[in-house]
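These notes concern the structure reproduced below.
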Amino acid sequence: MPYMLTHFWPGGTEEQYHATAAVVHPPQGLPEGQLHHAAGPTDGGFLVAVVYDDKETADRFMQDTLIPAMPVEGCLVGPPEERSAELAYLESS
């Protein structure tokens, strides 16, 4: 079942986001199993929303890639505020 994660970094910036993505995303695009990726500045910080094939793939990316890569100079700092959901509905154009 598709699985969505949102991460909000209070005080995060677009520059920090790009530095983080450069470290954790493969050069050819999205990590394996990541179907959608959206990110942008919002009031008080930076928000990232991703959709994975399933929860297990999301957990594997978090444990094997994102967490070990942090912290890196210039990247988003600290643990984000996280929300997640197994998706009951997903539509793409």
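Some observations on this one:
- Translational D in µm²/s for segment 50-93 (Stokes-Einstein at 10 °C, 1.306 mPa s, Kirkwood Rh from C-alpha pairs): 127
- Accessible area expressed per residue, the chain, with surrounding protein chains retained (probe 1.4 Å, Å²): 63
- Computed FRET value (nearest 0.05) for LYS55 with GLU14, which takes r as the C-beta separation and R₀ as 41 Å: 0.90
- DSSP-loop GluC sites (Glu not before Pro) across segment 36-93, with at most 16 other Cβ within 10 angstrom: GLU73, GLU91
- Panel values: segment 1-50, Kirkwood radius from alpha carbon pairs, Stokes-Einstein at 20 °C and 1.002 mPa s, translational diffusion coefficient 185 µm²/s.
- Protein accessible area in the chain, 1.4 Å probe - carbon and sulfur %: 54
- Nearest-ten-degree value, helix 14-24 long axis tilted from longest Cα axis of the chain: 60
- Per-residue surface analysis assigns HIS37 an accessible area of about 60 Å², computed on protein heavy atoms at 1.4 Å probe radius.
- Cβ-derived FRET efficiency at R0 22 Å, SER92 paired with ALA21, nearest 0.05: 0.55
- Contact order relative to length of the chain, as percent, for alpha carbon pairs under 8 angstrom and 6 or more apart: 48
- If you wrap segment 12-93 in the convex hull of its Cα atoms and look at it from every side, the mean projected area works out to 6.1 nm².
- Scoring 65-71, 10-16 by mean Cβ neighbours within 10 Å over their residues and listing the highest first yields 10-16, 65-71.
The values are calculated or read from the model by the stated rules, or taken from the named source; none is laboratory data. Predicted, not measured: the structure shown is a model, and the values here were computed from it. All Cβ positions, glycine included, derive from the backbone under ideal geometry; neighbour counts span all protein chains shown. Calculation scope for accessible area: heavy atoms of the full protein, side chains included, ligands and nucleic acids excluded. Shrake-Rupley method; radii C 1.70, N 1.55, O 1.52, S 1.80 Å.
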